[in-house]
Amino acid sequence: MHKTVKFGGSSLADAKQFRKVAAILAADESRRYVVVSAPGKRWDGDVKITDLLYTCYADAAKGEDFSGPFAQIRERYEEICRELGLNLDLDGALREIESELRARPDRDYAASRGEYLNALVMAAFLDIPMVDAAGRILFDENGNFLPEASYRALYAKLKETPRAVIPGFYGSFRDGRIHTFSRGGSDVTGAIVARATNSALYENWTDVSGLLSCDPHIVENPAPIRGISYTELRELSYMGASVLHESAIFPVKSAGIPINIRNTNAPDDPGTMIQTGAGLKYDRPVTGIAGRKGFSTILVEMDQMNETVGYARDVLQVIAKYGILMEHMPSGIDTLSVVVPTAQLDPHRNEILVELKNTTHADAIYVSDRLALIAVVGRGMVRQKGTAARVFRALSEAKINVNMIDQGSGEMNIIVGVESADFEEAMRALYREFFPA
Ligand code: ASP
């Protein structure tokens, strides 16, 4: 039984944080595979190594001098090594990166070097091998992650390496060129390593003690979430709750490996356990509440719409043609509305309305903006009667008008649309209802 553990940038921002990581590893011998991010911010306003590397690349690509930001990078790593008392010479690696950037500036290569160097430092500090992700986490020529080939390549190496440090965030194409995931992608590497090595648990160490049941900028001291299913997490993350890269769920979910979000600065906190719903105990109907502003509703009206075959398809085709995401589609007998992100609608608003009118022969089309969506999410809802009633009572007692209602067919979430101006108050009213003090 072993675990894969991933440490984020704030957990590795300086030598003090490295020591906390070593203590966490020493406390549990089953923490065998260690995935590292690049050093993050040490304080508000500090710059992440990855951002400095992107700056170096941008300058290098323009043929400009990047020695300023590069010197900052060098200094960060050298300071960490010095303060840890490490006898590690990073000079060769740093020189090679600098000359490679000068000769062949490549954005992903540049960005990946933060994790690469940090893995060298961590491996030296822990005195265990560093196993590179290049050549093992593989992508096809379009940048799609190749799961089976990657799991095989990682496993082949790691099965003979009982403990190792693996750099997060990147892998390579078949021809060896470096390719990164999107920002925050070390979470994905952690999930891939957990899956490839068939870990019993994937611990993701960050700077918060797990997920909260509501946005702490809106609700004071929201209750922590101890257990959540992968599906609930997807729903909440989609609506704005963020703690994990969204692609980090897929590799472990299919293998049933739970993810435990933990706090490097409070290692005794249990954090949040993310796993299949079946393995979780049921304690309350609602697990969390999340929401976002910035939606618009396009309402299409036509007499006898209900008798027109393919009407919704025609409406959606126009929306899709402009590459706009359809979030929800509440409908009546002769009306149909489509909820879309306002920012996606705005650039083509007029063309879309004209085209909708022409293709659907609607009697009227209205657009209303300033819609906020709130998702009340809970695997416990299926078993409990009256959750919807509680949602609407709480909102009506707070004198908030509900513009839209949608219940996912999995009976795991209720989504309500409210005026943007009512958003915060609606979130608070719902929180009070489901998480009474
Ligand atoms: N260092 C990368 C970033 O800042 C990847 C990561 O930390 O997960 O996005």
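Taken together, the values in this text are just the output of simple stated rules run on the coordinates, not laboratory data. Quick caveat, the model's predicted, so the values are computed rather than measured. Methodologically, a virtual Cβ is constructed for each residue, glycine included, from the backbone with ideal geometry; neighbour enumeration extends over all protein chains shown.
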Segment ARG432-ALA58, extension gain: residue separation times 0.36 nm, minus the distance between their alpha carbons: 129.9 nm
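According to the Cα gyration tensor, what semi-axes, each the square root of 5 times an eigenvalue, does the equivalent ellipsoid of the chain have, listed from largest to smallest in whole Å? Could you put the intermediate results ahead of the total?
Working: eigenvalues 383, 147, 82 Å².
Those come to 44, 27, 20 Å.
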Where the Cα pairs of the range 175-248 fall when distances are cut into 5 Å bins, in %: 3, 13, 20, 24, 19, 10, 6, 3, 1, 1, 0
In sequence order, calculated HN-Hα J values of the range 44-55 (Karplus, 6.51, -1.76, 1.60; Hz; x Gly/Pro): 4, x, 5, 10, 6, 3, 4, 5, 4, 5, 4, 5
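May I ask you to derive the FRET efficiency for ARG383 and SER254 from their Cβ-Cβ distance with R0 = 35 Å, giving the value to the nearest 0.05? Show your work: numbers first, answer last.
On the way: r = 26 Å, r/R0 = 0.73.
So, using R0 = 35 Å, E works out to roughly 0.85.
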Label-point gap, in nm, between GLN72 and GLU301 - each point 7 angstrom along Cα→Cβ: 5.6
Sum of -39500 (n - 2.57) over DSSP H runs of 4+, divided by residues of the chain (222 nm, nearest 500): -11500 deg cm²/dmol
Inter-label distance, nm, simple model (7 Å from Cα along the C-beta direction), SER99/SER30: 4.7
The range 57-100 - Rg (one decimal) and Dmax (whole number), Cα, Å: 12.1, 38
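In debye, nearest 20: dipole of the chain around its Cα centre with unit charges on the Cβ of K, R (+) and D, E (-)?
Working: 49 positive and 58 negative charges, 276 e Å.
With only Lys, Arg, Asp and Glu charged at Cβ, the dipole is about 1320 debye.
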Gain on full stretching of the segment that runs from PHE392 to ASP89 - 0.36 nm per residue minus C-alpha separation: 102.8 nm
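Using a 10 angstrom Cβ neighbour count of at most 14 plus a DSSP loop assignment to flag exposed GluC sites (Glu not before Pro), which longest range of the chain is free of such sites?
Details: sites that count: GLU29, GLU64, GLU141, GLU160, GLU220, GLU411.
Maximal segment without exposed cleavage sites: 221-410.
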Computed P(r) (all Cα pairs; the range 384-437; 10 Å bins; percent): 24, 58, 18, 0
Label point 7 Å beyond Cα of ASN265 along Cβ direction - residues of the range 1-20 with amide nitrogen under 19 Å: 6-20
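Counting only other residues whose beta carbon sits under 13 Å from that of MET130, what net charge do I get with K and R as +1, D and E as -1? Walk me through the numbers before you get to the answer.
Numbers: positive: ARG136, LYS157, ARG163; negative: GLU115, ASP127, ASP132.
Once positives and negatives cancel, what remains is 0.
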Contour excess over end-to-end distance, with Cα ends at ARG19 and ALA278 and 0.36 nm allotted per residue: 89.6 nm
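Tell me, which longest segment in the chain has none of the trypsin sites (Lys or Arg not before Pro) that fall in DSSP loops with at most 11 further Cβ atoms within 10 Å? Write down the numbers at each step before the final one.
Numbers: sites that count: LYS62, LYS159, LYS281, LYS385, LYS399.
The segment 160-280 is the longest one with no such site.
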